[in-house]
Amino acid sequence: MKSPVRWEVASEELLADCKVFKVFRNHCRHPLDGREGDFFLLRAVNWAMCVAVTSDGKFILEQQYRHGIRELSWEFPGGVCEKGENPLDTAVRELREETGFVGDAPILLGTRSTNPALLNNRCSTVLIKNCRKVCDTKLDANEEILVREVSLEELMKMACDGSIHHALMLTAMAEVYLHAPEVFGGKSA
């Protein structure tokens, strides 16, 4: 079996600018056999999420409504990287704005594609240890966030029972397990 090859983009058309992402139609051609087709993709800025842990080993989670699934979602703090902002700074900013917590220097654990079939962006997982509450939240106009501290045992239960259903949050947990297993007490999930 031959390896797949990179398709050629013959043309690209912007279909919609939706503030947090843009929708494009790419007309592409296979370089070897000439097949052609239209492919739709979303271009979005990069994101960062913060796995924030208090000095007594509690994980800071937030619950908010997500319009895409029309449900509430338990997540780690995080958000969009602003223009010129690196993922470490984004994680620190989002943690403070959404929860009022700050902590030690941020540690980049990994950067992954969010959904390479449709999206061009990447999501970085940042670990911040020894977090403590220092201020009130500073939420965006349409944000409503419930902040909760959970133990490792509660976090794992929420992941196993589907209470944490956001795939990128599970990816963040895997990044912690792979690159900072001491945060999970040296145990696998």
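The values are calculated or read from the model by the stated rules, or taken from the named source; none is laboratory data. Remember, predicted model here, so these are calculated numbers, not experimental data. Virtual Cβ from ideal backbone geometry, glycine too; neighbours counted across all protein chains shown. Accessible surface is based on the protein model in full, side chains and every heavy atom, while ligands, DNA and RNA are left aside. Shrake-Rupley method; radii C 1.70, N 1.55, O 1.52, S 1.80 Å.
Rounded to the nearest Hz, the phi-derived 3J(HN,Hα) couplings of the range 15-32 under the Karplus curve 6.51 cos²θ - 1.76 cosθ + 1.60 (θ = phi - 60°) are 9, 7, 10, 10, 6, 8, 7, 10, 9, 10, 10, 10, 8, 10, 10, 6, x, 9, where x marks glycine and proline.
For the chain, the relative contact order is 20 percent, taking Cα pairs closer than 8 Å that sit 6 or more residues apart in sequence and dividing their mean separation by the residue count. With both labels modelled 7 Å from their Cα along Cα-to-Cβ, the Ala180 to Ser11 distance reads 4.8 nm. Taking label points 7 Å from Cα along the Cα-to-Cβ direction, Arg148 and Arg43 give a separation of 3.9 nm. Note on Cα extents along the principal axes in Å: of the candidates (1) 59, 43, 31; (2) 48, 34, 29; (3) 75, 37, 27, the value calculated from this structure sits at (1).
Where the accessible area of the chain is counted over protein heavy atoms with a 1.4 Å probe, how much of it, in %, is carbon and sulfur? List each step's numbers first, then the result.
Details: 5970 of 11420 Å².
For the chain, the apolar C and S fraction of the accessible surface comes to 52 percent.
Figure legend: label point modelled 7 angstrom from the Cα of Glu85 along Cα→Cβ; residues of the range 99-131 with amide N under 19 Å from it are 99-112, 114, 121-129.
In order along the range 130-140, the phi-based Karplus estimate (6.51 cos²θ - 1.76 cosθ + 1.60, θ = phi - 60°) of 3J(HN,Hα) comes to 6, 6, 8, 6, 10, 7, 6, 6, 9, 8, 5 Hz; Gly and Pro are listed as x. Heavy atoms of the protein chains alone define the surface here; on that basis the chain has 60 Å² accessible area per residue at 1.4 Å probe size. Taking 7 Å steps out from each Cα toward its Cβ at Asp56 and Asp140 produces label points 3.3 nm apart.
The stretch between Met1 and Cys18 holds 2.1 nm of extra length on full extension. This uses 0.36 nm per residue minus the Cα-Cα distance.
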